[in-house]
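For reference, the structure is listed below as structure tokens.
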There are 2 protein chains.
Amino acid sequence: MQIKVFLNEDEMPRQWYNLAADLPTPLPPPLGPDGKPVNPEMLAPVFPMNLIEQEVSQERWIDIPEEVLQLLYRWRPSPLHRAYALEKYLGTPAKIYFKNESVSPPGSHKPNTAVPQAWYNKQFGTKKLTTETGAGQWGSALSFAGALVGLEVKVYMVRISFDQKPFRKIMMETWGGKCVPSPSPYTEAGRKILEEMPDTPGSLGIAISEAIEEAVSDPSGKTKYALGSVLNHVMLHQTIIGLETKKQLEKIGENKVDVVIGCAGGGSNFAGLSFPFMYDKINGADIDIIPVEPASCPTMTRAPYKYDFGDVAKMTPMLPMHTLGHGFIPPPIHAGGLRYHGMAPLVSGAIKDGLATPRALHQLECYEAAVTFARTEGIIVAPETSHAVAAAIQEAKKAKEEGKEKVILFNLSGHGLMDLSGYEKYFAGELHDYALPEEELEKYQQEIADLPSVESVK
Amino acid sequence: MQIKVFLNEDEMPRQWYNLAADLPTPLPPPLGPDGKPVNPEMLAPVFPMNLIEQEVSQERWIDIPEEVLQLLYRWRPSPLHRAYALEKYLGTPAKIYFKNESVSPPGSHKPNTAVPQAWYNKQFGTKKLTTETGAGQWGSALSFAGALVGLEVKVYMVRISFDQKPFRKIMMETWGGKCVPSPSPYTEAGRKILEEMPDTPGSLGIAISEAIEEAVSDPSGKTKYALGSVLNHVMLHQTIIGLETKKQLEKIGENKVDVVIGCAGGGSNFAGLSFPFMYDKINGADIDIIPVEPASCPTMTRAPYKYDFGDVAKMTPMLPMHTLGHGFIPPPIHAGGLRYHGMAPLVSGAIKDGLATPRALHQLECYEAAVTFARTEGIIVAPETSHAVAAAIQEAKKAKEEGKEKVILFNLSGHGLMDLSGYEKYFAGELHDYALPEEELEKYQQEIADLPSVESVK
């Protein structure tokens, strides 16, 4: 039995796939504070123009520069695995495949975009990148990318994570990145918040504001900001995952996939695996495509598709997305990652167009699935990834009930070796399920009630 | 440029290589407490007979069972990388290759023997495996292996590591292993020590005694003990590393390797990469083969080759090996791993026969090399592995001085994501170099002065 499918470097795809070119309903544009569409020049203080061009591109295929390919070869192409042991354990007639993104040096799919973003910035003349990080996956990946291309990296890490996960900081420092707790004394936004709330645990919203402020306030223009999810060019870079997977499936003669699954916080790993399959779906293929989120942060399954800001301080443009409201604070009981309030516009648009059918799962089911997976397939997945594993198990059980030999594919977006505290709490019985109460949902929605609807712009 | 060389699963070697068949000076036998050679039956309470047969085998090639291959496919064959970025940084004419063992789910080379050991035990009828672990790499690997083949695993973890590294325990538990701090109340040896020294930090020697005691005192005989290094069958299983590497080098037309490097604590990852190249050396090839150890634990470079016990409590047979003395306590200032007092008999014999030339390095040079490696090649290596990286850099600099286009190969035995505290101390300037003082060396040697010399047995 063949367990894994490798590709050689010369078999790796040479172009990224841009779903924006094929989405049946064209994406509504980002809006400025005045409610008018943002033009590319307005983003120039924050991002380099070569990435802004990708952000607004309508081209279906975008060439991956040779130098970027060389950098991706450090760990790509990643293996595609057949989960025979899990199939046997479940007694399912389904075939379960997973794409293993945990083999990158930082341990997740995040470098797939961190590396090209760093490279395009370097080409553009950027000297320093700023960013924010919550659990630390993205800050680690960008520090790694900065080391590879030779860029300074400054990471604002949500203070409570910074204090609870000191090793994430060491990891970034080993790659030469600088990691500071947010709110910090280095920005106006940070100082203001520290003055008002000296003991605040921080938030992703505050950290984003600090990172953007540092970038835009460098008078030389040589400091730019980098985001690890949500934006179109991030989704674009991640499509290498799905494009490789299609080649790998072809190599073993697996011509038809029935179900494609990815966990979704901002949407990037889900998009990376699924968008190349959405291309097939748009062209008539019958595929169930399932982004999975936590029931405690039900962005796709219970929140509306409308305009909202990407951060608490409203420094970003407004984006069309499924959103819980930028004031959303994830419940502390939830240990499973995927806590962002919004969903990538391209993923949100795909849901609206019926290309993807989101699902929300409770964390106990996800951790149970992750432990089953560790004890059958041998890989300890990240808390985020456990949502994809749990949905794959649901689908495999359904196939068993129906007696169908379905082909199920999911994205193993990262390993959990740096995030074992969730497993610790799970084993200790300290975790509980929690569905966001309707009144909470309404409270956050009220705060964004005045923001434009998607229909009003089109 | 090709960065990595993959092998497909059907290209993986089908046999392990046993250096014992080719060592110019045959290995002296293990001795019992009476000073007489131990026969296989005497090991039967501790190990299953199928592994004992491998331990004493003189066959050059030993078949890897098909079911073991299937289990190894979960992460093998591992990639061979060309370190172009490091070469460029060093400005060396040398080509540097490394075998990347960090891609296994537990993150090191240890599963290469944990999995076959678990499988052979399962075949033999064993229900439960006991073992000890220091930093946690081996306990994690055996827990992983136990999950894959369906065996209970109990790990005695040195108490100070258990307390300082709670996540290693969670990792083992996620795979279904049970991890307890040693000394523990579960064994006579543990209870005795707890009574005498309730606050002891524990030691590998104590943990070994506890693990062996639990195995041999199971009246059903269904509990066996597993060791992660030192023994012949462990070295045997690890040769998959070097055998794969030779195929990978052949694939890219790299016909001659000049230098082969591995770090060495008990010797298993060094043996795994180098033994297949020693086969070539025995048959006339000109290769420098370098096992690297810390200057603070200079087993190979400063300690004699003689008989000694594997543990403090003298529960193991006496083995012929380079040994600092079983009473050796590693200096607390040393953060770099590789703290075992002895060296595998096969590695010790290879050194005696001039097949390998050991080198001792200081930890600051090793951490500096590891940081250079992280910032060029992108992989954060384990503290143990940093010794191999540092020696590879030394050799690459030497090649530069000599103007020679040498081919240097080293084993990247594991990643450091679970062991970042050493990096933290290095960045904080808290680490210092420390060479074991002569009087310390003599003190421990005095304790084993009465044990037999290797010559006395032959």
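The values are calculated or read from the model by the stated rules, or taken from the named source; none is laboratory data. This one's a predicted model, so the numbers in the text were calculated from it and none came from an experiment. Ideal geometry is used to build each Cβ from the backbone, glycine not excepted, and the neighbour counts take in all protein chains shown. Just the protein is used for accessible areas: all its heavy atoms, side chains included, with ligands, DNA and RNA removed. Shrake-Rupley method; radii C 1.70, N 1.55, O 1.52, S 1.80 Å.
If residue A:168 satisfies all but one of (1) touching a residue at least 40 places away in the same chain (Cβ under 8 Å); (2) touching a Gly at 6+ places or on another chain (Cβ under 9 Å); (3) of a type in the set (D, E, K, R); (4) surrounded by fewer than 24 Cβ atoms within 10 Å (Cβ to Cβ), what's the number of the condition it fails?
Every condition holds for residue A:168 apart from (4).
Between a residue in segment B:434-451 that is assigned to a loop (DSSP other than H, G, I, E, B) and any residue that is basic (Lys, Arg) and open to solvent by less than 40 Å² (accessible area, probe 1.4 Å), which pairs come within a Cβ distance under 7 Å, given they are 6 or more apart or on different chains?
Every condition considered, the pairs that remain are B:451/B:306.
Could you check residue B:211 against (1) at pLDDT 95 or above; (2) touching a helix residue (DSSP H, G or I) at 6+ places or on another chain (Cβ under 9 Å); (3) surrounded by 24 or more Cβ atoms within 10 Å (Cβ to Cβ) and say which number it fails?
Going through (1) at pLDDT 95 or above; (2) touching a helix residue (DSSP H, G or I) at 6+ places or on another chain (Cβ under 9 Å); (3) surrounded by 24 or more Cβ atoms within 10 Å (Cβ to Cβ) one by one, residue B:211 breaks only (2).
Run down B:436, B:417, B:431, B:441 and say which single residue is out of contact with any Lys or Arg (no Cβ under 8 Å at 6 or more places or on another chain), hydrophobic (A, V, I, L, M, F, W, C) and open to solvent by less than 70 Å² (accessible area, probe 1.4 Å).
Within the list B:436, B:417, B:431, B:441, the selection yields B:417.
Suppose we keep only residues that are open to solvent by 10 Å² or more (accessible area, probe 1.4 Å) and polar (S, T, N, Q) within segment B:105-145. Which one would you say is nearest to residue B:415 (Cα to Cα)? Break it down into steps so the answer makes sense when it comes.
First, the residues of segment B:105-145 that are open to solvent by 10 Å² or more (accessible area, probe 1.4 Å): B:105, B:109-110, B:119-120, B:122-125, B:127-128, B:132, B:134-135, B:137-138.
Still in the list and also polar (S, T, N, Q): B:123, B:137.
Details: B:123: 31, B:137: 10 Å.
Top of the filtered list is B:137.
Go through segment A:216-270 and count every residue that is open to solvent by less than 20 Å² (accessible area, probe 1.4 Å) and either without any contact (Cβ under 8 Å) to a residue 12 or more places away in the chain or among the acidic types (Asp, Glu) (or both).
Here the count works out to 1.
Can you tell me which of (1) free of Cβ contacts under 8 Å to residues at least 40 places away in the same chain; (2) within 12 Å of chain A (Cβ to nearest Cβ) is the one residue B:72 doesn't meet?
Going through the list (1) free of Cβ contacts under 8 Å to residues at least 40 places away in the same chain; (2) within 12 Å of chain A (Cβ to nearest Cβ), residue B:72 breaks only (1).
What number of residues within segment A:311-357 satisfy the criterion of being of a type in the set (Phe, Trp, Tyr) and either free of Cβ contacts under 8 Å to residues at least 12 places away in the same chain or open to solvent by 30 Å² or more (accessible area, probe 1.4 Å) (or both)?
1
Across segment B:1-14, which residue is nearest to the chain's Cα centre (by Cα) among those that are assigned to a loop (DSSP other than H, G, I, E, B) and within 14 Å of chain A (Cβ to nearest Cβ)?
B:12
Across segment A:163-194, what is the number of residues that are within 14 Å of another protein chain (Cβ to nearest Cβ) and touching a helix residue (DSSP H, G or I) at 6+ places or on another chain (Cβ under 7 Å)?
Residues that pass the stated criteria total 11.
Hand me the list of helices (runs of 4 or more DSSP H) wholly inside segment A:155-236 holding 3 or more residues that are more than 21 Å from the chain's Cα centre (by Cα) and among the hydrophobic types (A, V, I, L, M, F, W, C). Give the derivation first.
Working: elements: A:159-164, A:166-174, A:188-196, A:204-216.
Filter on segment A:155-236 gives A:188-196.
Quick check, is residue A:32 at positive phi and either within 14 Å of another protein chain (Cβ to nearest Cβ) or out of contact with any Cys (no Cβ under 6 Å at 6 or more places or on another chain) (or both)? Explain how you work it out, then say what you get.
Working: at positive phi: no; either within 14 Å of another protein chain (Cβ to nearest Cβ) or out of contact with any Cys (no Cβ under 6 Å at 6 or more places or on another chain) (or both): yes.
So residue A:32 does not fit the description; no.
Give all pairs with beta carbons closer than 6 Å in which a residue from segment A:32-44 that is without any contact (Cβ under 8 Å) to a residue 60 or more places away in the chain meets a residue that is in a helix (DSSP H, G or I); count only pairs at least 6 apart in sequence or on separate chains.
Close Cβ pairs satisfying both conditions: A:40/A:52; A:40/A:56.
Restrict the check to segment B:15-27 and report whether at least one residue is in a helix (DSSP H, G or I) and open to solvent by less than 10 Å² (accessible area, probe 1.4 Å). Show your work before the answer.
Filtering segment B:15-27 for residues in a helix (DSSP H, G or I) gives B:19-21.
Then drop every residue that is not open to solvent by less than 10 Å² (accessible area, probe 1.4 Å), which leaves B:19.
For segment B:15-27, residues in a helix (DSSP H, G or I) and open to solvent by less than 10 Å² (accessible area, probe 1.4 Å): present.
When the residues of segment A:360-401 are narrowed to those that are more than 17 Å from the chain's Cα centre (by Cα) and of a type in the set (S, T, N, Q), which ends up nearest to the other protein chains (Cβ to nearest Cβ)?
If we take residues in segment A:360-401 being more than 17 Å from the chain's Cα centre (by Cα) and of a type in the set (S, T, N, Q), then A:376 is nearest to the other protein chains (Cβ to nearest Cβ).
Scanning for something within 30 Å of residue A:446 (Cβ to Cβ) and under 17 Å from the mean Cα position of the chain (by Cα), does segment A:271-286 turn up at least one residue? Give the steps one after another, and end with the answer.
Going through segment A:271-286, the residues within 30 Å of residue A:446 (Cβ to Cβ) turn out to be A:271.
After this cut, where a residue has to be under 17 Å from the mean Cα position of the chain (by Cα) as well, the list is A:271.
Yes, because at least one residue in segment A:271-286 is within 30 Å of residue A:446 (Cβ to Cβ) and under 17 Å from the mean Cα position of the chain (by Cα).
Please go through segment A:296-316 and give me each residue that is among the hydrophobic types (A, V, I, L, M, F, W, C), closer than 17 Å to residue A:29 by Cα and at pLDDT 90 or above, ordered by number. Talk me through it step by step, then tell me what you get.
Applying the first criterion (among the hydrophobic types (A, V, I, L, M, F, W, C)) to segment A:296-316 yields A:297, A:300, A:303, A:309, A:312-313, A:315.
Subset that is closer than 17 Å to residue A:29 by Cα: A:309, A:315.
A:309, the sole residue that qualifies.
Considering (1) in contact with a Leu (Cβ under 7 Å, 6 or more places away or on another chain); (2) surrounded by fewer than 24 Cβ atoms within 10 Å (Cβ to Cβ), say which one residue B:292 fails and leave the rest.
Against the list (1) in contact with a Leu (Cβ under 7 Å, 6 or more places away or on another chain); (2) surrounded by fewer than 24 Cβ atoms within 10 Å (Cβ to Cβ), residue B:292 comes up short only on (2).
Only residues that are within 12 Å of chain B (Cβ to nearest Cβ) and among the small types (Gly, Ala, Ser): list them for segment A:81-102, please.
Those that are within 12 Å of chain B (Cβ to nearest Cβ) and among the small types (Gly, Ala, Ser): A:83, A:85, A:102.
Would you be able to say whether some residue in segment A:370-384 is free of Cβ contacts under 8 Å to residues at least 60 places away in the same chain, open to solvent by less than 10 Å² (accessible area, probe 1.4 Å) and within 30 Å of residue A:286 (Cβ to Cβ)?
yes
Which of the residues belonging to segment B:188-208 are of a type in the set (Ser, Thr, Tyr) and open to solvent by less than 10 Å² (accessible area, probe 1.4 Å)?
None - no residue of segment B:188-208 is of a type in the set (Ser, Thr, Tyr) and open to solvent by less than 10 Å² (accessible area, probe 1.4 Å), so the list stays empty.
Out of (1) under 30 Å from residue A:213 (Cα atoms); (2) out of contact with any strand residue (DSSP E or B) (no Cβ under 9 Å at 6 or more places or on another chain); (3) surrounded by 14 or more Cβ atoms within 10 Å (Cβ to Cβ), the odd one out for residue A:38 is which?
If we test residue A:38 against (1) under 30 Å from residue A:213 (Cα atoms); (2) out of contact with any strand residue (DSSP E or B) (no Cβ under 9 Å at 6 or more places or on another chain); (3) surrounded by 14 or more Cβ atoms within 10 Å (Cβ to Cβ), just (2) comes out false.
Can you work out which of the residues in segment B:56-75 that are under 23 Å from the mean Cα position of the chain (by Cα) and under 20 Å from residue B:128 (Cα atoms) is most open to solvent (accessible area, probe 1.4 Å)?
Filtering first and then ranking leaves B:71.
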